[in-house]
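I have placed the structure first, in the form of structure tokens, so that the comments after it can refer back to it.
None of the figures in this text is laboratory data; all of them are computed from the coordinates on show. Because the structure is a prediction, the values reported are computed rather than measured. Here the Cβ positions follow ideal geometry from the backbone for every residue, glycine too, while neighbour counts run over all protein chains shown.
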Amino acid sequence: MFARRSIYVVDDDSSMRRSMERLLRNHGFTAVVFASAAALLRHGRLEDAGCLVLDINLNGESGIALRRKLANDGATVPVIYITGNDSQANQVAAIESGCAAYLSKPFAASELIATVERACAKSA
């Protein structure tokens, strides 16, 4: 079992946040959800997270820019990107930012859970 079971989810779509929170809870995780990058930054306490699930497009904000800011601030928590706007440019930027995984919406629930488990295992 993983030492840290809290998964921080940042997505501007309320239905996506609710769905992911329910899915993660049903698989033994605690989901802490945020509607924006600013909300996550206000919360802080990244040391409590087993991994972050970041939407790449956050109502004009960038999940990739958020990841870079967190890394510049010394955060080492693994990041899984999710996006409904898959593109070669997004994939390259995500990989260059040091992500643990990149998933295009819609993705299978089992794919997200397996990816989260791998990311958490790396951060334990």
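Annotations for the structure displayed:
- Long-range neighbours under 6 Å by Cβ, at least six apart or interchain, first residue within 22 Å of CYS120 (Cβ to Cβ) within region 27-42, second of a type in the set (Phe, Trp, Tyr) and surrounded by 18 or more Cβ atoms within 10 Å (Cβ to Cβ): VAL32/TYR8; LEU40/PHE34
- Qualifying residue in region 70-80 (condition: surrounded by 18 or more Cβ atoms within 10 Å (Cβ to Cβ) and among the acidic types (Asp, Glu)): no
- Residue satisfying all of: in region 88-123; in a helix (DSSP H, G or I) and polar (S, T, N, Q); surrounded by the fewest Cβ atoms within 10 Å (Cβ to Cβ) among these: GLN88
- Of the residues making up region 91-124, not one is under 13 Å from VAL77 (Cβ atoms) and in contact with a Leu (Cβ under 6 Å, 6 or more places away or on another chain).
- Residue, surrounded by the most Cβ atoms within 10 Å (Cβ to Cβ), within region 5-29, restricted to residues that are within 13 Å of the chain's Cα centre (by Cα) and among the hydroxyl-bearing types (Ser, Thr, Tyr): TYR8
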